[in-house]
Structure formats: C-alpha cells, structure tokens
There are 2 protein chains.
Amino acid sequence: MKTQYYTAATLDGFIATEDDSLDWLFPLGDVNDTSYPGFIKDVGAVAMGSATYEWMLRHLIKPATGKGEPWPYDQPTWVFSSRQRELVPGADIRVVKGDVRPVHAEMRAAAAGRNVWLVGGGELVGQFYDAGLLDEIIVQVGSVTLGRGKQLLPRRITTPSLKLISVNQVGTGFAELRYEVPRAITSDASRGPR
Amino acid sequence: MKTQYYTAATLDGFIATEDDSLDWLFPLGDVNDTSYPGFIKDVGAVAMGSATYEWMLRHLIKPATGKGEPWPYDQPTWVFSSRQRELVPGADIRVVKGDVRPVHAEMRAAAAGRNVWLVGGGELVGQFYDAGLLDEIIVQVGSVTLGRGKQLLPRRITTPSLKLISVNQVGTGFAELRYEVPRAITSDASRGPR
C-alpha cells in the first residue's frame, strides 16, 4: 500500500494555468495509452484539494446542467476544503479540512491494502510530503511549457533527493517519470515556500 | 546543423535556485554517464547569458585566484550581456548584446555545420525561441524539486506543442528528455510572461 501523487505536468513544472485551465493537456495524447488504466485499478482511496474538485464539477460533472459525465471514481474520495461543497449524487465524497494525518489514516483504512491517490493540487500534496506520508510521485510530463501557472509541488526536495525508478515514452506527447520519495526531514529547513 | 538548448533542470522546472546555486545538481550523477560527452563533440558555437557566465567565472574559472579550472570550451562562446565583462585569457569569448538574430547568424557561420549550443538561462533561450531559431530542447531532468528558482524557459509553447523524440534514464538521478521545437508563431499571443 503506497501513497502516490499521480499527475500530468508541463515540462516547466506546472499542473494547470493560473486560472486552472487544462486545455494544454488533452491534445497531447489519449489517457488510455498511458499508465493510468493500470494505475487506477490499484487505487483504494482518493484525495484532492478544493480547486481540483471545483475543476471536476465545472468541466466534467456539470451538476446544474444534468448533462455532465458521471463521477469517475468508484473509490471513496476525500476533498480538502475549508468550506462546505456541493456534492455529487451517488458519489462517495467526504469534505474534510485541517491536518492531513488523521485523514490519511482514515483513507488507509478505507483503501484496505490498495493505494492512496493524491490527485492534487501541489500544495495539498506538499502537506502530505511534510508529514512524511508521500511514497511515490508519478508524473506524465507533457510536451508543452506554460511559463507560469499552478506549481507541481511547491517544496524543496534535494537532500536526500527523489529516486528515479522508471521512464516511459508515450508517443510524442508524454514522458512518464516515476519516483520514490525520501522521508521528509521534519525541520523547517526542508520545506519550500508557502 | 541545429540550435539546441541543452541543460539540466529540476522536476519542477528550475535550472538554478533564485540566487543561482547549482548545489542541488552535482550530487545527482556524473556528467560522463549522460549524453553530454556525445553532445559536446557536435557543438561548433556556444551562447550563454550573463548570469550563466558569471556563475562559471565564480565557481569554475576563479580568475582572481589563479587556482580555478581552465575554460571548458574549445568552441567560440558568445556571452549576452548589457555591460562589459571580465574575459578569460586564452578563451574565445565574445561579449554581445541586443537582438539575437544577427548574433545567431554569426554563430552559425562560425559553427561551420556543427550545432549551436544555448547554455542558458531561460530568458535568453526564450529570445531565440521567439525569433524562430530554436530547434531542440534537451533536458536532463534531475530527481529533485526546488519549489522556486530560475525558470527553465519562461514561455508558453502549447500550440503546436513540443515533440518528444526520446527519453533516457541515467541512474536514479536523471531522466534525459529530447524535444523538437515547433516554429514559433510570431504573434504576441504565442509569448509567455516577460
């Protein structure tokens, strides 16, 4: 059972534009050609931040229109948000806030031996890293640059460094990079900007 | 003959810390295990920005001490700088400023069929990209994150996207990614932040 940050990012380290657009991402390839189908099968619990959840509501689910897609995850999903959120009928969504550690314990129990997926954003994943709870980072590096946007992971992880486990080319649009994450040194010096 | 941006960067898209430190880079592996020895043999002319040149003087050449390393390039080197710079005895260094296009023409002629290497930084390479003069980006993605620092390439390149040509794992410290660069669309809309 691992806690994994699985995401797409640009070559210059952004997961979305400053206004949370992913329009740069979808022309780059078909998700079914990537490691995603194999990855999601082993996931038992999902966590995401409020901006990611908001993006899914607005672009995929569109609850007000009744014409959106169904909620994509069978797994229970924890949404970190400081305020109450609109829920999706039929989806197991739990809105939480505060310290990631007790939530992670709850997610582990629910995952029952399968993995915990941190969808993003970067700051939420950073909090799991700070707490020593992040095991792997799997990035689909898309063949674009944005120059500015939402950061992949706003932390300094250098000593010890990440450990590159594998690389995989997916057409001309993606390089999939898989890393093991060292245990965070729990001093302030190990933390990046807030 | 190609114009290539060959550099190391972090997973989150930085080529140096905000104060131009590369201390995160050197523990990640031996440059001789990477594509660098093969790459540099085909280079006929070198360009760099003033911060990169300053870094080399301070950390490698150390002209004031007389105890530094020799200038590492046999190839003629163009340094883009708005002011005069200290030169290195015995090295073919040409300090230039302004539009990259006439300088690129001069570099091409000097390279005599070999490649033009843009060492960095990102803003200088961005100017070559804007002028439609950048053919390839080769990034050694180091297994670290910095959270903040000097950007790999402060431009938006999405439509058309880069084209991933190859991926190569170098130990656990580097993933080498090689991209072809599309011709820049020369409208302001294609440009990133300045």
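Each reported figure results from applying straightforward, stated rules to the coordinates on display, with no laboratory input. Because the structure is predicted, anything quoted here is derived from the model rather than measured. With ideal geometry, Cβ positions are generated from the backbone for all residues, glycine too; neighbour counts draw on all protein chains shown.
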Check your understanding: Which of the residue pairs A:Lys62/A:Lys150; A:Lys163/B:Lys67; A:Lys67/B:Lys163; A:Lys163/B:Lys150; B:Lys97/B:Lys150; A:Lys150/B:Lys41 have a Cα-Cα distance greater than 31 Å in the structure shown?
Key -> A:Lys163/B:Lys67; A:Lys67/B:Lys163; A:Lys150/B:Lys41
Practice item. May I ask you to evaluate 6.51 cos²θ - 1.76 cosθ + 1.60, the Karplus curve with θ = phi - 60°, for each residue of segment A:37-51 and list the ³J(HN,Hα) values in order in whole Hz, giving x for glycine and proline? Key: x, x, 4, 5, 4, 9, 8, x, 7, 10, 10, 8, x, 5, 5
**Study point:** Derived scalar couplings ³J(HN,Hα) [segment A:55-70; Karplus, 6.51 cos²θ - 1.76 cosθ + 1.60; whole Hz; x for Gly, Pro]
**Key:** 4, 5, 4, 6, 9, 10, 7, 6, x, 5, 7, x, 10, x, 7, x
Check your understanding: Roughly what would the spin-label model give for B:Lys97 and A:Ser81, points 7 Å off Cα along C-beta, in nm?
Key -> 5.3 nm
Check your understanding: What percentages, rounded to whole numbers, describe P(r) for segment B:1-61 computed over all alpha carbon pairs with 10 Å bin width beginning at zero?
Key -> 16, 48, 34, 1
Review point. How much of the DSSP beta bridge set in segment B:3-183 is antiparallel, as a percent to the nearest 5?
Key: 40 percent
Review point. How much length is gained if the chain between A:Met1 and A:Glu180 is pulled fully straight, taking 0.36 nm per residue apart and subtracting their Cα-Cα distance, in nm to one decimal?
Key: 63.1 nm
Exercise for review: Answer rounded, prolate or oblate for segment B:127-184, using the Cα gyration tensor with square roots of eigenvalues a ≥ b ≥ c: rounded when a/c is under 1.5, else prolate when a/b is larger than b/c, else oblate.
Suggested key: oblate
**Study point:** Centre separation in Å (Cα based) which lies between segment B:78-99 and segment A:101-132
**Key:** 51 Å
Point to revise | At 7 Å out from Cα toward Cβ: B:Lys163 inter-copy label distances (nm, ascending) | key: 3.8
Practice item. Please state the charge dipole magnitude for segment B:77-136, taken about the Cα centre, from unit charges on C-beta atoms (+1 on K and R, -1 on D and E), reported in debye and rounded to the nearest 20. Key: 200 debye
Review point. For the protein assembly as shown, what proportion of DSSP beta bridges, expressed in % and rounded to the nearest 5, is antiparallel?
Key: 45 percent
Check your understanding: With +1 on each Lys and Arg Cβ and -1 on each Asp and Glu Cβ, how big is the dipole of chain B about its Cα centre, in debye rounded to the nearest 20?
Key -> 480 debye
**Study point:** Neighbour net charge for A:Leu22 - beta-carbon separation under 13 angstrom, K R +1, D E -1
**Key:** -3
Practice item. Please report, in debye to the nearest 20, how large the charge dipole of the protein assembly as shown is about its Cα centre when each Lys and Arg carries +1 at its beta carbon and each Asp and Glu carries -1 there. Key: 440 debye
Review point. Once you list every other residue whose beta carbon is under 12 Å from the beta carbon of B:Arg108, what net charge do they have if Lys and Arg are +1 and Asp and Glu are -1?
Key: +1
Practice item. Taking all pairs of distinct Cα atoms, average 1/r, flip it, and tell me the Kirkwood hydrodynamic radius of segment B:76-161 in Å to one decimal place. Key: 14.9 Å
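Using Cα pairs under 8 angstrom and six or more residues apart, how large is the relative contact order of chain A, in percent? Show your work: numbers first, answer last.
Details: 354 pairs, mean separation 62.9, N = 194.
About 32 percent, as a whole number.
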Practice item. Kindly provide log₁₀ I(q)/I(0) values, in the same order as q = 0.28 Å⁻¹, from the Debye equation applied to equal alpha-carbon scatterers of segment A:60-111. Key: -1.15
Study note, to complete from the structure: Here, B:Phe39 and A:Asp42, labelled 7 Å along Cα→Cβ, have an inter-label distance in nm of 3.2 nm
**Study point:** Under the Karplus curve 6.51 cos²θ - 1.76 cosθ + 1.60, θ = phi - 60°, whole-Hz ³J(HN,Hα) for segment A:136-149, x wherever Gly or Pro sits
**Key:** 9, 10, 10, 10, 8, 7, x, 7, 9, 10, 10, x, 7, x
Review point. Across segment B:3-183, how large is the tail of the calculated P(r) beyond 28 Å, expressed as a percent of all Cα pairs?
Key: 21 percent
Exercise for review: Could you quickly flag the chain A residue whose beta carbon comes closest to the rotation axis taking A to B, and that distance in whole angstrom?
Suggested key: A:Gly13, 1
Revision key, fill the gap. Label points for A:Gly98 built 7 Å along Cα→Cβ; distances to same position in the other copies, nm, shortest first, come to 6.5
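Write down, largest first, the equivalent ellipsoid semi-axes of the protein assembly as shown in whole Å, where each equals the square root of 5 times an eigenvalue of the alpha-carbon gyration tensor. Intermediate results must be reported in sequence, preceding the final value.
On the way: eigenvalues 339, 103, 62 Å².
Working through the eigenvalues yields semi-axes of 41, 23, 18 Å.
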Point to revise | Cα gyration tensor category, rounded, prolate or oblate, for segment B:10-99 with a/c compared to 1.5 | key: rounded
Point to revise | Label point 7 Å beyond Cα along the C-beta direction, distances from A:Asp33 to other copies (nm, shortest first) | key: 3.1
